[in-house]
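The values are calculated or read from the model by the stated rules, or taken from the named source; none is laboratory data. Treat the numbers as computed from the prediction; the structure is a model and nothing was measured. Counting neighbours? That spans all protein chains shown, and the Cβs are built from the backbone with ideal geometry, glycine included.
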Amino acid sequence: MNKKFKVKVNNSLDFKFYQKQVDSLDIIPENNSEFHILIDNQAFKANLINSDFSKKQYTITVNSNTYLVEIASPIDQLIKKIGYTVGSSKKLNFINAPMPGIVIDINVEEGDEIKEGDTLLILEAMKMENALTSPKNAIVKSIYAVKGGTVDKGKLLIELE
């Protein structure tokens, strides 16, 4: 599936990128925050200055120019479309299904200590695999989802403490 990402730069420029385009980039990581990028025989040096995963905002420099980048994944776009706010579950201890689908994989077990942004489970919906991530650092209290099982929108999947 060729997922579409929406990217906003400096709160003014909007771009759409497909997974295929992202996968075809020639990127060489120099370390955890510095990257060498080659596009159409042009070299760029990119540095990740700051990241706020809950807001999906990143501050980067490319060849000494600084940009604020916001990235909306397909699941973020779908959540917004159905009327929820991305990141609104930050204070909640419940991970609910944002849409009907099939649980493809569960990446945690009860009692696991997890960090914000860790992938908890993979939900297939509308022929797309969507990673549901932890909104905060927590411990997995209960898992109600079953691998291979179907879920309805709003169904409780995982409880955190």
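Values for this structure:
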{"item": "Boolean, E129 is in a strand (DSSP E or B), modelled with pLDDT under 95 and not assigned by TED's automatic domain parsing to the domain that holds S51", "result": "yes"}
{"item": "Y84, sole failed condition from (1) at pLDDT 90 or above; (2) part of a loop (DSSP other than H, G, I, E, B)", "result": "(1)"}
{"item": "Near pairs, Cβ below 8 angstrom, 6+ apart or cross-chain, from the range 41-68 (more than 16 Å from N11 (Cα to Cα)) to any residue that is among the basic types (K, R)", "result": "S54/K90; V62/K45; N63/K45"}
{"item": "Filter pass, I75 being under 29 Å from I27 (Cα atoms) and surrounded by 14 or more Cβ atoms within 10 Å (Cβ to Cβ)", "result": "yes"}
{"item": "Test result for V108, surrounded by 14 or more Cβ atoms within 10 Å (Cβ to Cβ), assigned by TED's automatic domain parsing to the domain that holds I122 and assigned to a strand (DSSP E or B)", "result": "no"}
{"item": "Matching entry among S24, S33 (being under 28 Å from M126 (Cβ atoms), among the polar types (S, T, N, Q) and either out of contact with any Cys (no Cβ under 9 Å at 6 or more places or on another chain) or surrounded by 15 or more Cβ atoms within 10 Å (Cβ to Cβ) (or both))", "result": "S24"}
